[in-house]
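To keep things clear, I will list the structure first and then write my remarks on it.
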Amino acid sequence: MFRYILKRLLQLIPALFGLSILLFFWLRLLPGGPENTLLPDDASAQQREALRESLGLNEPIIVQYGLFLKRLGEFDFGNSLQTGRPVMEEFTTRFPATAELAIAAMLIAVCVGIPLGYFAARKRGSFLDSSAVAGSLLGICIPVFFLAAMLKVVFAEKLGWLPSAFRLGAGARFTEITGFRVLDSVLTGEFDVTVSALGHLILPGLALSSIPLAVITRMTRASVLEVLGQDYVRTAESKGLQPTVVRTRHVLRNAMLPVITAIGLLTGSLLAGAVLTESVFAFGGIGSFIYESTQQRDYPAILGFLMLIAIIYVVVNLLVDLSYTLFDPRVRVR
Amino acid sequence: MLQSRVTRLGRTALIGIVGALAVSLAGCESERDTGDGDRNETEPFVFGVPTDARTLDPIFTTDGETFRVTRQIYDTLLDHEPGGKEIVGGLAEDWESSDDGLEWTFQLREGVTFHDGEELDGEAVCANFDRWHNFEGAYQDTNFTYYWQNMFGGFAENEEGVDTEEKFRSCTADGLTVTIEVAEPSASYPGAFSMATFAILSPGSLEQIEDDEITSADSAFPDYTQGEGVLAGTGPYQISGWDHGSQEITLERFDDYWGDNAKVKTLIFKTISEETARRQALEAGDIHGYDLAAPGDVEPLKENGFQVPTRDVFNILYLAFQQETTPEFADLEVRQAMAHAVDRQRIVDTILPEGGEVASQFMPPTVDGWSEDVTTYDYDPELAEEMISDAGVDGLTVDFCYVTDTSRPYMPAVRDIFEIISSDLEEVGLSIDPKPMEWDQYIPATNSGQCSLYLLGWTGDFNEGYNFLGTWFDRPSDEWGFENDEIFDLMSEIDRTPDPEERAGKLAEANEVIMDFLPGLPISSSPPAIAFAPDVEPMDVSPLTQEVFADVSFAEE
């Protein structure tokens, strides 16, 4: 098990190396540079050129890449040009917001998607089934940005039921431990903050969950339908096993394997969706920061954030792979 | 059996959803609960801004959003009248310059206290100027000290590669009198002394940060610039906290402020980068005001009871005619034809926010030196078509660059403006080749003369015409691609005229010469829109976007 995990983590190194080449050179291919957003509109061409020079952007690109790798070896991503703070610090400050939002979205998707998919399959052809299929189609089709804006207009602006933005009301006082507002407030017993943080998570969480919810519902439905037709389910039923046991231990457990794989892969779409959702809800996570960094050609920030996201993506998928063993005793990690 | 389970599950889910909603509603209520006391004392005033500040030491930046925050914390020697553009006393009650414009003497106010309890005196002011003048190493990069170099020149000892001429000579203190000596007169004075970047920090703060370093052009700001605890100014608010994750800066009222105390106890600047999200946050009651409202949002906001006070204009949008890239533009008749071709009034009426106006010259009428006697170019497409035909450039194809990913206070809805101008120019016989670009690509392209036509503009730093005209016409440049010694000499003369009235006269003359030569077409001046909730008593809004937040308050119920 340990060797397997180590092997998977070591596989990260060439993957990250490849990614760094791709990202580094791709970013430099974009026209313009940070000197155009760092200096005011009236800065002369000479002043902009001088800044490029001081930032080391006039060095040969291979030299710049070498310097970047050297820093990377020390796990130093440099400093964000737009905020003037270390990239790593920016990431650790913002990551809890995105993680909390992604977890909320995934919880909504899993808690609603799996039961919905399961019952849709059990009642194939029913109204519930047709609604689930149509609903999941809609979930995939509606752009996250549009859904987020609509949810906000209805529930925050028109009805005033939920907050329209932020992770907590502006000026809210709370004790920070991990940066995860819900967790921190539970740990410190500030339950009014917990309530507020949960309230702020509902709309962005719902918006961000639309695609994972649709995918999980459809996959669960398809997978359950397939398992229901298997001989071992019929055998279990004919043996006179309790229906609950058949459903949970024989049907659901076996149907979960492809769904779990999908959940791992959906992490990527969650992070992509977070860019839009966070902007709409001024959520202040890594998504909106990447967007702003790209606008400003903040090379160190874009590179650093994308590399760190890649690491997280791989780790999440590793955890998902490891969780197979919980569902399928035939899968053994070697 | 299954049916009953589904029903049970549905019931459980329903209870869960209702419960979650109830919980969140309770959360919403608790956040909007204003309590029984005076709202100004119990509730923070939350202002939505498009980007977070960069540093709490304003000398290191040129960023307007940083200055919006630091203006509430620190004072400068001079200031602008609240809601106006006239320069008035800040920390200095009185000021005068020598006849040659080389010596500026400031008489400081008595009884001004810094947030850390120190008293303001001349030594404190000079300690700040000396600090800036003696910056070394990476501090000398334009990334950190752009405004110092533009306004006061180089440093006591310029590093290799820094060739900015030294303009600042010395700062001498005598009690509450401060004398600043400069190497040459400049139209930038006294305006420069009102710039937020030259904020006066307490001597105690300066001592604490003495050893902090910036090591390279891309290095991080020192820690003290990123939160409370070290920096102290004399402004109506002091720093209470900066939550970088939530992009939220909290200021608390400074009760020993030398002027009228701030009306609201707690002031929060909260970043909401998306334009629509800012409006929605205001409508939902999550914030109490925001700046840079989209022109299209102004009327709907007003209809719903929100306040959108109109600022006086203090900017210029222009269409540049690059004469080197397109030699046909060197013909004055062609430039005049293009000026007659563009329906600027239509742009003002249909795109710009209320308060916008057609520009007759390269500065807004609010700036001293604006002339009533410039040559004007009325919209006359028939005349334009005739002139284009006479000049023999009928059918000429020209590149027209416009920016796609950003707007500026002087240039909202860029694409709409571009489309009106393009269709007007095509109407009179030119053929337009559109060149959409991102800002990042746009600036180098316009700077290096790659665009025949492009849209740009400027918002003034202070009330000084040279701050507008000198930005573009003080030298030959690739941005415009023309040689005109009359204009360049006039600019140089204006920069060296210390007397403001005399300078205004020369600026008016320069405006007339420039509008006869017509290097580009001034399009409009437009005020960026600022919005407030219905239950707020806004401060006087400033043409320079330098609102004094100490004057904002919640309306009494």
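The values are calculated or read from the model by the stated rules, or taken from the named source; none is laboratory data. The shown structure was predicted, so the numbers you read here are calculated from the model rather than taken from an experiment. Here the Cβ positions follow ideal geometry from the backbone for every residue, glycine too, while neighbour counts run over all protein chains shown. Note: areas computed on protein heavy atoms with side chains; ligands, DNA, RNA excluded. Shrake-Rupley method; radii C 1.70, N 1.55, O 1.52, S 1.80 Å.
Residues in segment B:283-317 that are among the small types (Gly, Ala, Ser), over 20 Å from B:Ile351 (Cα atoms) and assigned to a loop (DSSP other than H, G, I, E, B): B:Ala284, B:Gly285, B:Gly305.
Residues in segment A:268-325 that are within 14 Å of chain B (Cβ to nearest Cβ) and closer than 22 Å to A:Arg8 by Cα: A:Gly304 only. Taking the stated definitions as given, is B:Val264 in contact with a helix residue (DSSP H, G or I) (Cβ under 7 Å, 6 or more places away or on another chain) and in contact (Cβ under 8 Å) with a residue 12 or more places away in the chain? So B:Val264 passes the test. Given the conditions (1) at negative phi; (2) surrounded by fewer than 17 Cβ atoms within 10 Å (Cβ to Cβ); (3) more than 7 Å from chain B (Cβ to nearest Cβ), which single one is not true for A:Phe75? Exception for A:Phe75: condition (1). Quick check: anything in segment A:137-158 within 10 Å of chain B (Cβ to nearest Cβ) and over 25 Å from the mean Cα position of the chain (by Cα)? Looking for residues that are within 10 Å of chain B (Cβ to nearest Cβ) and over 25 Å from the mean Cα position of the chain (by Cα), one finds at least one in segment A:137-158, hence yes. Collect the residues in segment A:112-132 that are more than 9 Å from chain B (Cβ to nearest Cβ) and assigned to a helix (DSSP H, G or I), keeping them in residue-number order. Listed by number, the residues that qualify are A:Gly113, A:Ile114, A:Leu116, A:Gly117, A:Tyr118, A:Ala120, A:Ala121, A:Phe127, A:Asp129, A:Ser130, A:Ser131, A:Ala132.
Looking at A:Leu326, is it part of a helix (DSSP H, G or I), modelled with pLDDT under 80 and out of contact with any Ser or Thr (no Cβ under 9 Å at 6 or more places or on another chain)? Taking the combined requirement at face value, the residue satisfies it.
Looking only at residues in segment B:215-243 that are within 9 Å of chain A (Cβ to nearest Cβ) and at pLDDT 90 or above, which one is surrounded by the most Cβ atoms within 10 Å (Cβ to Cβ)? Of everything passing the filter in segment B:215-243, B:Thr225 is surrounded by the most Cβ atoms within 10 Å (Cβ to Cβ).
Just one of (1) modelled with pLDDT of 95 or more; (2) closer than 13 Å to B:Phe193 by Cβ; (3) not charged (D, E, K, R) fails for B:Ala124. It is (2). Could you say whether any residue in segment A:121-133 is open to solvent by 20 Å² or more (accessible area, probe 1.4 Å), in contact (Cβ under 8 Å) with a residue 40 or more places away in the chain and of a type in the set (Lys, Arg)? Yes.
Restricting B:Thr197, B:Thr266 to residues that are within 14 Å of chain A (Cβ to nearest Cβ) and closer than 30 Å to A:Glu157 by Cα narrows the list to B:Thr266. Filtering B:Asp416, B:Asp478, B:Asp390 for residues that are touching a residue at least 12 places away in the same chain (Cβ under 8 Å), closer than 21 Å to B:Ser524 by Cα and open to solvent by 60 Å² or more (accessible area, probe 1.4 Å) leaves a single hit, B:Asp416.
Please find, among A:Ala274, A:Ala262, the residue that is in contact with a Pro (Cβ under 9 Å, 6 or more places away or on another chain) and surrounded by fewer than 24 Cβ atoms within 10 Å (Cβ to Cβ).
A:Ala262
Evaluate segment B:396-409: report whether one residue or more is modelled with pLDDT under 90, open to solvent by 30 Å² or more (accessible area, probe 1.4 Å), under 30 Å from the mean Cα position of the chain (by Cα) and over 30 Å from B:Gly84 (Cβ atoms). Yes - at least one qualifying residue is present in segment B:396-409. Checking every residue in segment B:203-214 against the condition of being in contact (Cβ under 8 Å) with a residue 24 or more places away in the chain and within 14 Å of another protein chain (Cβ to nearest Cβ) gives at least one match. Of all the residues in segment B:431-445, those that are open to solvent by less than 10 Å² (accessible area, probe 1.4 Å) and either in contact with a Lys or Arg (Cβ under 6 Å, 6 or more places away or on another chain) or away from chain A (no Cβ under 11 Å) (or both) number 1. For segment B:60-91, a residue qualifies if it is buried (at least 22 other Cβ atoms within 10 Å of the Cβ) and aliphatic (A, V, I, L, M), and the qualifying residues are B:Val69, B:Ile73, B:Leu77, B:Leu78, B:Leu91. Starting from residues that are over 21 Å from A:Ser293 (Cβ atoms) and open to solvent by less than 50 Å² (accessible area, probe 1.4 Å), keep the ones in segment A:35-49 and report whichever is farthest from the other protein chains (Cβ to nearest Cβ). It comes out as A:Ser44. Just one of the numbered conditions (1) within 14 Å of chain A (Cβ to nearest Cβ); (2) in contact with a strand residue (DSSP E or B) (Cβ under 9 Å, 6 or more places away or on another chain) is not true of B:Pro309: (1). Being surrounded by fewer than 15 Cβ atoms within 10 Å (Cβ to Cβ) and within 14 Å of another protein chain (Cβ to nearest Cβ) is the filter here, so list the residues in segment A:50-70 that pass it. A:Gly56, A:Asn58, A:Glu59, A:Leu67, listed by residue number. On inspection, B:Asp368 qualifies as surrounded by 17 or more Cβ atoms within 10 Å (Cβ to Cβ) and assigned to a loop (DSSP other than H, G, I, E, B). Counting the residues of segment B:277-296 that are of a type outside the set (A, V, I, L, M, F, W, C), at the interface with chain A (Cβ under 7 Å from one of its Cβ atoms) and either open to solvent by less than 10 Å² (accessible area, probe 1.4 Å) or under 26 Å from B:Asp405 (Cβ atoms) (or both) gives 2. Within segment B:140-195, the set of residues being among the small types (Gly, Ala, Ser) and open to solvent by less than 10 Å² (accessible area, probe 1.4 Å) comprises B:Gly153, B:Gly154, B:Ala187, B:Gly191, B:Ala192, B:Ser194.
Of the residues making up segment A:283-334, those that are touching a Leu at 6+ places or on another chain (Cβ under 9 Å), surrounded by fewer than 17 Cβ atoms within 10 Å (Cβ to Cβ) and among the charged types (D, E, K, R) number 1.
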